[in-house]
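This report refers to the structure that appears directly beneath it.
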Amino acid sequence: MPQTWMLLVGVVYLIMSLAASIAYAIDKRAARRGSPRTSEATLHALELFGGWPGAFLAQRLLHHKNAKLSYQIVFWLIVVLHLIVWAFVVRLA
């Protein structure tokens, strides 16, 4: 994979991780206040599009969504999917 593409992918992961972290913080705040929440589908979409590292950190730092088993199963499936794709990309390179 050319360096330009690697840099672009890294930037996408960084931006999506930041977006996921912010979404988790907003959802945590809404949960505390009893306000409308961010849907799990939205959080998972952010993870799927590259924000899973930021989501992982937010889960740990904010203690949010880290105890709900059904959520964690989908989250970790997304992480495994990313790892499989990266293993495939590296193998082709």
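Bear in mind that the values in this text are calculations on the coordinates, not laboratory data. What you are looking at is a predicted structure, and each value in this text was computed from that prediction instead of being measured. Reconstructed Cβ throughout: ideal geometry from the backbone, glycine too, with neighbour counts over all protein chains shown.
Among residues of segment 64-93 being touching a helix residue (DSSP H, G or I) at 6+ places or on another chain (Cβ under 8 Å) and not in a helix (DSSP H, G or I), the one that is nearest to Ile26 (Cα to Cα) is His64. Checking Ala20, Ala45, Ala31 one by one, the residue that is part of a helix (DSSP H, G or I) and in contact with a helix residue (DSSP H, G or I) (Cβ under 7 Å, 6 or more places away or on another chain) is Ala20 and no other. Within segment 20-36, can you find the residues that are under 17 Å from the mean Cα position of the chain (by Cα) and over 20 Å from Leu77 (Cα atoms)? Those that are under 17 Å from the mean Cα position of the chain (by Cα) and over 20 Å from Leu77 (Cα atoms): Ile22, Ala25, Ile26, Asp27, Lys28. Ile73 meets all of the listed conditions (1) surrounded by 17 or more Cβ atoms within 10 Å (Cβ to Cβ); (2) without any contact (Cβ under 8 Å) to a residue 24 or more places away in the chain but one, namely (1). For Leu46, the conditions (1) surrounded by fewer than 18 Cβ atoms within 10 Å (Cβ to Cβ); (2) more than 15 Å from Asn66 (Cα to Cα); (3) in contact (Cβ under 8 Å) with a residue 24 or more places away in the chain are fulfilled apart from (1).
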